[in-house]
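*Asks:* Questions regarding the structure given below will be posed in turn.
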Amino acid sequence: MSGGLRRLAPLLPLLAGGAAVALSWERWINPFMDSARELAVPARVADGERLYRDVAYHYGPAGPWLNALAMELFGRRFAVLAAVGLLCAAIILVAQYRWTRRAGSEISALAAVTLTAALCLGAPNGGAFVFPYSFGALFAVAGAFAALSRAARPAERRFDPMGSAGLFLALTAKPEIGAAASALLLIAAVRAADRRTETGRALRLLLPALLASLLAYGVAFAGLNWEIRSPEGPLALFSPPEEWRNVYRLVSG
């Protein structure tokens, strides 16, 4: 790719994503479904209510905590959460670009990121990165992508905390996504040519994230009864309510 084209290349995903957002403008949200939760839960946490005790929530604490912080800092406006979604989208797209460029070429990476921006920034039915059905899921994917992108690059210890921070975000936002990212790290390390070195590196990324995640969940659950954590809390993941099972069956066909 020539120098001129390389400078213009970032415009393609920006144009595709911008068009997707414009065409779906303010149609990402359904106030009678999950979107209402994504608006109300962080607002209530920002008001001083305690997550899981006063506010029922089925995912990890990172999503409501971060969105409540954003509301406190920048105001309780829909645009604040949309900006948070766009920031997560940028992290995901940059990580995807790095992966696909490493596996293929700049052209294939640009095509992949442009397609993702066009499809995901304004997707219907709660799929839009701008305002997803679950910010917990979006935070977890962004954190997992950031961690795996960091792990795929040459080893530099000074950047390891960035990978650990991504895993921590994934584990505390939606633990099943964080667990999947952690498993991918370990599998890649075990399959590497220099297994010992790569396994040590994977553990340097993973162990701080796990310890910090345990601390975060300890703070979130401190003093709460077990009944609050399941089925109306994040432990519902291990025994989903029948209503959830019905939705899963419907979606899976």
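Rule-based calculations on the coordinates, nothing more; no lab input. Computed from a predicted model, the values in this text were never measured in an experiment. Neighbour counts are summed over all protein chains in view; Cβ atoms, including those assigned to glycine, are modelled from backbone coordinates with ideal geometry.
*Asks:* Which residues make up the longest stretch of the chain clear of GluC sites (Glu not before Pro) that lie in a DSSP loop with no more than 11 other Cβ atoms within 10 Å, not counting the sites? Walk me through the numbers on the way to the answer.
*Replies:* Numbers: sites that count: E26, E156.
Longest stretch, sites excluded: 27-155.
*Asks:* I need W244, W25 ordered by Cβ neighbour count within 10 Å, fewest first. Numbers along the way, then the final one.
*Replies:* Numbers: W244 14, W25 10.
Fewest-to-most Cβ neighbours within 10 Å comes out as W25, W244.
*Asks:* Still on this structure: Report the Cα centroid-to-centroid distance between segment 111-145 and segment 152-215 in angstrom, as an integer.
*Replies:* Distance between centres, Cα-based: 22 Å.
*Asks:* So, one more: In segment 25-64, which trypsin sites (Lys or Arg not before Pro) are in a loop and have at most 16 other Cβ atoms within 10 Å, using DSSP for the loop call?
*Replies:* Details: sites: R27, R37, R44, R50, R53; in loops: R27, R50, R53.
In loop regions of segment 25-64 (DSSP not H, G, I, E or B), the sparsely surrounded trypsin sites (Lys or Arg not before Pro) are R27, R50, R53.
*Asks:* Turning to a different aspect of this structure: What are the semi-axes of the equivalent ellipsoid of the chain, taken as the square roots of 5 times the eigenvalues of the Cα gyration tensor, listed largest first and rounded to whole Å? Don't skip to the answer; put the middle values down first.
*Replies:* On the way: eigenvalues 184, 130, 56 Å².
Each semi-axis is √(5λ); the values are 30, 25, 17 Å.
*Asks:* Explain nothing, just the number: relative contact order of segment 134-219, from Cα pairs under 8 Å at least 6 residues apart, as a whole percent.
*Replies:* Values: 102 pairs, mean separation 26.7, N = 86.
Taking the mean separation of contacting Cα pairs over the length of segment 134-219, I get 31 percent.
*Asks:* 7 Å from Cα along Cα→Cβ at both W226 and L11: what's the point-to-point distance in nm?
*Replies:* Taking the simple label geometry, W226 and L11 are separated by 6.2 nm.
*Asks:* Give me the Kirkwood hydrodynamic radius of segment 1-129 in Å, from all C-alpha pairs, to one decimal place? Mind dumping the intermediate values first?
*Replies:* Working: mean 1/r = 0.0613 Å⁻¹.
After inverting the pairwise mean of 1/r, the radius is 16.3 Å.
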